[in-house]
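I have placed the structure first, in the form of structure tokens, so that the comments after it can refer back to it.
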Amino acid sequence: MPKKKSILDLRKLKAAHEHLAWVTAYDFPTASFAEQAGMDMILVGDSLGMVVLGYQSTIPVTMEDCIRHCQAVRRGAPNTFVIGDMPFMSYQISDEEAVRNAGRFLKEADMDCVKLEGGVRVSSRIRAITDAGIVVMGHIGLTPQSSGQLGGHKAQGRDIAGARAVIKDALAVQEAGAALLLVEAVPPEITRFITKRLDIPVYSIGAGHCNGQLLISSDLLGQFELFTPKFVKKYANVSEVVINAFTEYIADVKSGAFPGEEHVYRVLDPMDEFEKLFSEFKK
Ligand code: KIV
């Protein structure tokens, strides 16, 4: 049975220069597989809007969607540090609303931490949630909820002005009290600098080496076919496995090969008794 990591363990692992591996999960089975494999942490990302619910972006995802999926993940991975992702408009309006919604992740879904996107511009939200006693992970660089303002899902910090903005965001997140930081789609040189400069653990999705790596489970497993970012490494081709299995099943049903003898229940009384029963109901 793995022991759930605390933020103290995560800090010690940064000090020991160990790299953590974590993935997103949205449901009971994936969470359970991740825990059995020894994943260090799990994120219930609002990416669930795209990879599970079939939306074009994360924008339509609601608090109710997130809470429901966080609950399923917690049931599947009771001994893993799980982070609940705050969806669009759950923290943008006011510090009070941000704290109320962050609290729901803990009270209703037993999350260990909440994640919100943005640096300088959400520092008062991070401070308010942290002051409520909740562990916060910041998320900077490419922030999908504001991809409209960024001109699309584009890498950030690639020129001096962009790198300055990313570094300022990282410093603001730590200053506001966040315990952890996720950097998305930023050149590795910038991430390396931030990782050395900050005391808190810094993790990457598409941002090179630091204190650990996150990948979207559906990308890693080859389950999401609409697009694959440059930073994804596919470790399996689950779509192909599933389509092949479904195709074979359809063929078996049509040919009568399924169900076989081994897939049916045998009668318990003599068959002639059943024949009598059938004759009672004959037309
Ligand atoms: O929702 C999510 O999965 C995320 C990652 C893209 C970091 O926030």
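The values are calculated or read from the model by the stated rules, or taken from the named source; none is laboratory data. Keep in mind that what you see is a predicted model, and the values were worked out from it rather than measured. Because the Cβ atoms are built from the backbone with ideal geometry, glycine has one as well, and the counts that use them run over all protein chains shown.
At-a-glance table
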quantity: Residues of the stretch 180-201 satisfying the condition of being β-branched (Val, Ile, Thr), within 16 Å of the ligand (Cβ to nearest atom) and either touching a residue at least 40 places away in the same chain (Cβ under 8 Å) or not assigned by TED's automatic domain parsing to the domain that holds residue 40 (or both); calculated: 183, 186
quantity: Within the stretch 81-179, strands (runs of 3 or more DSSP E) holding 1 or more residues that are more than 22 Å from residue 190 (Cα to Cα), in contact (Cβ under 8 Å) with a residue 60 or more places away in the chain and not aliphatic (A, V, I, L, M); calculated: 81-85, 113-117
quantity: Residue in the stretch 214-223 that is under 17 Å from residue 138 (Cβ atoms), surrounded by 11 or more Cβ atoms within 10 Å (Cβ to Cβ) and not hydroxyl-bearing (Ser, Thr, Tyr) present; calculated: yes
quantity: Complete set of residues in the stretch 77-101 that are of a type in the set (Ser, Thr, Tyr) and more than 16 Å from the chain's Cα centre (by Cα); calculated: 90, 91, 94
quantity: Residues satisfying the stated conditions in the stretch 202-213, i.e. within 16 Å of the ligand (Cβ to nearest atom) and either assigned to a loop (DSSP other than H, G, I, E, B) or more than 21 Å from residue 136 (Cβ to Cβ) (or both); calculated: 206, 207, 208, 210, 211
quantity: Criterion (in the same structural domain as residue 225 (by TED's automatic domain parsing) and under 15 Å from the mean Cα position of the chain (by Cα)) met by exactly one of 121, 104, 74, 127; calculated: 74
quantity: Count of the stretch 1-55 residues which are touching a Phe, Trp or Tyr at 6+ places or on another chain (Cβ under 9 Å), within 16 Å of the ligand (Cβ to nearest atom) and of a type in the set (Ser, Thr, Tyr); calculated: 1
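Conditions (1) of a type outside the set (S, T, N, Q); (2) surrounded by fewer than 19 Cβ atoms within 10 Å (Cβ to Cβ); (3) closer than 27 Å to residue 36 by Cα, marked per residue:
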| position | (1), (2), (3) |
| --- | --- |
| 80 | no, no, yes |
| 84 | yes, no, yes |
| 90 | no, no, no |
| 93 | yes, yes, no |
| 97 | yes, yes, no |
| 100 | yes, yes, no |
| 107 | yes, yes, yes |
